[in-house]
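Quick one: the structure is below, and I'll ask about it shortly.
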Amino acid sequence: MGKAISVLLLATLLLSACSSGNNNGELTQGSATQAPAGTQTAAPAATAQATAGSTAAPDMSPAPSPSATVAPAPTEIPLLYHMNKNYDIVPNEEGTDKKVVLLSFDDGPKDAEMINALMDTLDKHQAKAIFFVNGYRVKEHPELLELLHDRGGIIGNHSWDHIVLKDKGYAEVKKQIEDVQSIVKEITGEAPDFFRPPHGAGGDVGKQVAAENGMLYMTWSVGSLDWEMKEKDTGKTETLVKNVTDQLHSGSNILMHELPWTVEALDTLLTTLEGKGYSFVDPRSIELKMR
Ligand SMILES: [Zn+2]
């Protein structure tokens, strides 16, 4: 596909995404500053359990013994990739597989059945994904965020109310973003490392607040267009797979949503991507600083 066509297509996608018409300027990075990348480890949320076990007698914990088999340390995920200004995933070094895609699901958490089905399919393909959640949904159903986290979903911040942030003032955007950091940390023990603005429209202020919180700001580079589909539509799996494969390229940052037809299409989509030689990047292997 020609570059001009890709840019046009991407611009069209941004305009149509999440049914918002105001997405101008999101393709360029502007002058937003980036915070230093935090350390990224895959340590489980040990802090979340701290209070529960705090009344246990001290001798309940196993004493370390030199002869005992040492449990493996939490897996360190090497930072092999970074995100470029098109929100694509790029290897840091020559020799690292560049034929990867990043999977993401926005606008949850909504429903345990859908979450479990998504995670079952991701597990089957040994794939990780970012789930960009809205704070108001997390507040309504904290148990669903817990489920996502417990099943290995990587939690991303999608603002509290799913509003267009780019025209809002600093204080409001800060609250929209940081309240999500707080509630996710409260429930999972870890604040999100990734931020995606609703409607792809964070503006400079969204980029700034994301950076202040040490998060990697991203929109996407391949839209599944699942948000345009309706329950009554036929052939949704084929349409979704075609929408993705038509735009597919190395490092594709694929936007999907927690929607029933996306849940249904996911296995076919992942099988198709694997058939084309792509693998699924672990979000934790992506540096939190864009370059
Ligand atoms: Zn959204």
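Working only within the range 95-112, note down all residues that are open to solvent by 60 Å² or more (accessible area, probe 1.4 Å) and either within 17 Å of the chain's Cα centre (by Cα) or at pLDDT below 95 (or both).
Of everything in the range 95-112, just one residue is open to solvent by 60 Å² or more (accessible area, probe 1.4 Å) and either within 17 Å of the chain's Cα centre (by Cα) or at pLDDT below 95 (or both), namely Lys110.
So the check is Cβ under 7 Å with 6+ separation or different chains; which pairs have a first residue in the range 148-164 that's modelled with pLDDT of 95 or more and a second one that's among the basic types (Lys, Arg) and within 12 Å of the ligand (Cβ to nearest atom)?
That search, which allows pairs on different chains as well, returns Gly156/Arg196; His158/Arg196.
State yes or no: is Ile115 in contact (Cβ under 8 Å) with a residue 24 or more places away in the chain, under 16 Å from Asp282 (Cβ atoms) and open to solvent by less than 10 Å² (accessible area, probe 1.4 Å)? Steps first, answer last, please.
Working: in contact (Cβ under 8 Å) with a residue 24 or more places away in the chain: yes; under 16 Å from Asp282 (Cβ atoms): no; open to solvent by less than 10 Å² (accessible area, probe 1.4 Å): yes.
For Ile115, the condition - in contact (Cβ under 8 Å) with a residue 24 or more places away in the chain, under 16 Å from Asp282 (Cβ atoms) and open to solvent by less than 10 Å² (accessible area, probe 1.4 Å) - is not met.
Looking at the range 181-197 only, could you name the residues that are within 15 Å of the ligand (Cβ to nearest atom) and of a type in the set (D, E, K, R)?
At the first step, the residues of the range 181-197 found to be within 15 Å of the ligand (Cβ to nearest atom) are 192, 194-197.
Of everything in the range 181-197, just one residue is within 15 Å of the ligand (Cβ to nearest atom) and of a type in the set (D, E, K, R), namely Arg196.
Another question, then. When residues of the range 198-230 are filtered for being part of a strand (DSSP E or B) and either away from the ligand (no atom under 16 Å from the Cβ) or β-branched (Val, Ile, Thr) (or both), how many remain?
So in the range 198-230, the residues part of a strand (DSSP E or B) come out as 216-217, 222-223.
Checking the rest, the ones that are also either away from the ligand (no atom under 16 Å from the Cβ) or β-branched (Val, Ile, Thr) (or both) come to 216, 222.
Residues flagged as part of a strand (DSSP E or B) and either away from the ligand (no atom under 16 Å from the Cβ) or β-branched (Val, Ile, Thr) (or both) within the range 198-230 amount to 2.
From the residues in the range 249-270 that are more than 19 Å from Val133 (Cα to Cα) and of a type in the set (Ser, Thr, Tyr), which one is farthest from the chain's Cα centre (by Cα)?
Thr268
Here's another thing I want to ask about it. When you scan the range 112-137, how many residues do you find that are touching a Pro at 6+ places or on another chain (Cβ under 7 Å), more than 16 Å from Leu102 (Cα to Cα) and not charged (D, E, K, R)?
Residues in the range 112-137 being touching a Pro at 6+ places or on another chain (Cβ under 7 Å), more than 16 Å from Leu102 (Cα to Cα) and not charged (D, E, K, R): 3 in total.
If you don't mind, another one. Can you name every residue in the range 198-214 that is out of contact with any Pro (no Cβ under 9 Å at 6 or more places or on another chain) and at positive phi? So that I can check it myself, show each step before the final result.
Narrowing the range 198-214 to residues out of contact with any Pro (no Cβ under 9 Å at 6 or more places or on another chain): 198-202, 204-205, 208-209, 211-212.
Answer for the range 198-214, where residues must be out of contact with any Pro (no Cβ under 9 Å at 6 or more places or on another chain) and at positive phi: His199, Gly200.
Which members of the range 241-291 meet the condition of being farther than 17 Å from Pro91 by Cβ and part of a strand (DSSP E or B)?
Ile254, Leu255, Met256, His257
Do you know which residues across the range 134-179 are of a type in the set (Asp, Glu) and within 20 Å of Ala112 (Cα to Cα)? Write out each step before concluding.
Step one: of the range 134-179, the residues of a type in the set (Asp, Glu) are 140, 143, 146, 150, 161, 167, 172, 178-179.
The answer is Glu140, Glu143, Glu146, Asp150.
Follow-up question, since we're still on this one. Which of the following residues is touching a residue at least 24 places away in the same chain (Cβ under 8 Å), more than 16 Å from the ligand (Cβ to nearest atom) and open to solvent by 10 Å² or more (accessible area, probe 1.4 Å): Gly235, Gly277? Before the answer, list the steps.
Details: Gly235 fails: touching a residue at least 24 places away in the same chain (Cβ under 8 Å).
Result: Gly277 is the single residue among Gly235, Gly277 that is touching a residue at least 24 places away in the same chain (Cβ under 8 Å), more than 16 Å from the ligand (Cβ to nearest atom) and open to solvent by 10 Å² or more (accessible area, probe 1.4 Å).
The values are calculated or read from the model by the stated rules, or taken from the named source; none is laboratory data. These figures come from a predicted structure and were not determined experimentally. We place every Cβ from the backbone using ideal geometry, glycine too, and count neighbours over all the protein chains shown. We work out accessible area using only protein heavy atoms, side chains counted, and drop any ligands, DNA or RNA first. Shrake-Rupley method; radii C 1.70, N 1.55, O 1.52, S 1.80 Å.
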